[in-house]
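Participant: A single structure is presented below for examination.
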Amino acid sequence: MAIPVLPSPDADRLDGLDTRALHASLHERAEAAWQLCQEIHPGLPQPRVWLDLRGKSAGQAHLGRGGLRFNPVLLEENRLAFMVEVIPHEMAHWLVFHLDEGHLARPHGREWQTVMRRLFGLEPRTTHRFDVSRASPAPHRYACGCREHAFTPRRHALVRQDRPYRCRHCAQTLVYLGAVAGKNPT
């Protein structure tokens, strides 16, 4: 694996930051990644940066909205990995989209992989390995003939509106068992 081009952040410094300073550090890191991208694509517009993403995704290049979205819960819990991997991952999407014919490229295709390896010096990974239990709680338990399933409040609300769900493995209709102990079933 190549050596990352962006300097590695100080893990101890990151751990000591409060939420506001951590968010500012993310913005600084995104700025540094964008400046690096500008060296090979001088006309690359600067993306706006938001910390409003929820659920299991750590980041998202939101091309229609004109920027990058990040998950503040996953940032808080995975500070160093977020700075080293997630920000370059999303900035690589931003760069590829703005290349000639970039809108035709596959999201994690050859172009994106090349940017990750050659520009950021990182092994291209399409998904993170973060614990998402706090970022995407699923407090409602359902069961079928072969296993238990965890539902988010949104999916549980759909079931309560008479939307049936079937298990992909055994094809049985799922039956509500109740809320997981210790979880707030909003």
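The values are calculated or read from the model by the stated rules, or taken from the named source; none is laboratory data. As the structure is a computational prediction, the values presented were derived from the model and not from experiment. Methodologically, a virtual Cβ is constructed for each residue, glycine included, from the backbone with ideal geometry; neighbour enumeration extends over all protein chains shown. Remember, those area values only see protein heavy atoms, side chains included, never the ligands or the DNA or RNA. Shrake-Rupley method; radii C 1.70, N 1.55, O 1.52, S 1.80 Å.
Participant: If you check Val175, Val96, which single one turns out to be surrounded by fewer than 18 Cβ atoms within 10 Å (Cβ to Cβ), more than 16 Å from Ser57 (Cα to Cα) and out of contact with any His (no Cβ under 7 Å at 6 or more places or on another chain)? Lay out the reasoning, then the answer.
Facilitator: Working: Val96 fails: surrounded by fewer than 18 Cβ atoms within 10 Å (Cβ to Cβ).
After applying the criteria, what remains is Val175.
Participant: Just one of the numbered conditions (1) open to solvent by less than 60 Å² (accessible area, probe 1.4 Å); (2) part of a loop (DSSP other than H, G, I, E, B); (3) among the acidic types (Asp, Glu) is not true of Glu123; which one?
Facilitator: Every condition holds for Glu123 apart from (1).
Participant: Every residue in the range 68-88 that is farther than 22 Å from Val5 by Cβ and without any contact (Cβ under 8 Å) to a residue 40 or more places away in the chain, please.
Facilitator: Restricting attention to the range 68-88, the residues satisfying the condition of being farther than 22 Å from Val5 by Cβ are 69, 71-74, 76-77.
Selection gives Arg69 alone.
This table checks each residue for (1) in contact with a Phe, Trp or Tyr (Cβ under 6 Å, 6 or more places away or on another chain); (2) open to solvent by less than 30 Å² (accessible area, probe 1.4 Å); (3) assigned to a loop (DSSP other than H, G, I, E, B); (4) more than 21 Å from Pro7 (Cα to Cα).
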residue: Met116; (1), (2), (3), (4): no, yes, no, no
residue: Thr127; (1), (2), (3), (4): no, no, yes, yes
residue: Tyr142; (1), (2), (3), (4): yes, yes, no, yes
residue: Gly145; (1), (2), (3), (4): no, no, yes, yes
residue: His156; (1), (2), (3), (4): no, yes, no, yes
residue: Cys170; (1), (2), (3), (4): no, no, yes, yes
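Participant: Now, a different point. Scan the range 99-114 for residues that are exposed (fewer than 15 other Cβ atoms within 10 Å of the Cβ) and in a loop (DSSP other than H, G, I, E, B) and report the count.
Facilitator: Narrowing the range 99-114 to residues exposed (fewer than 15 other Cβ atoms within 10 Å of the Cβ): 100-101, 103-104, 106-107, 109-110, 114.
Narrowing further to those that are in a loop (DSSP other than H, G, I, E, B): 100-101, 106-107, 109.
Of the residues in that region, 5 qualify.
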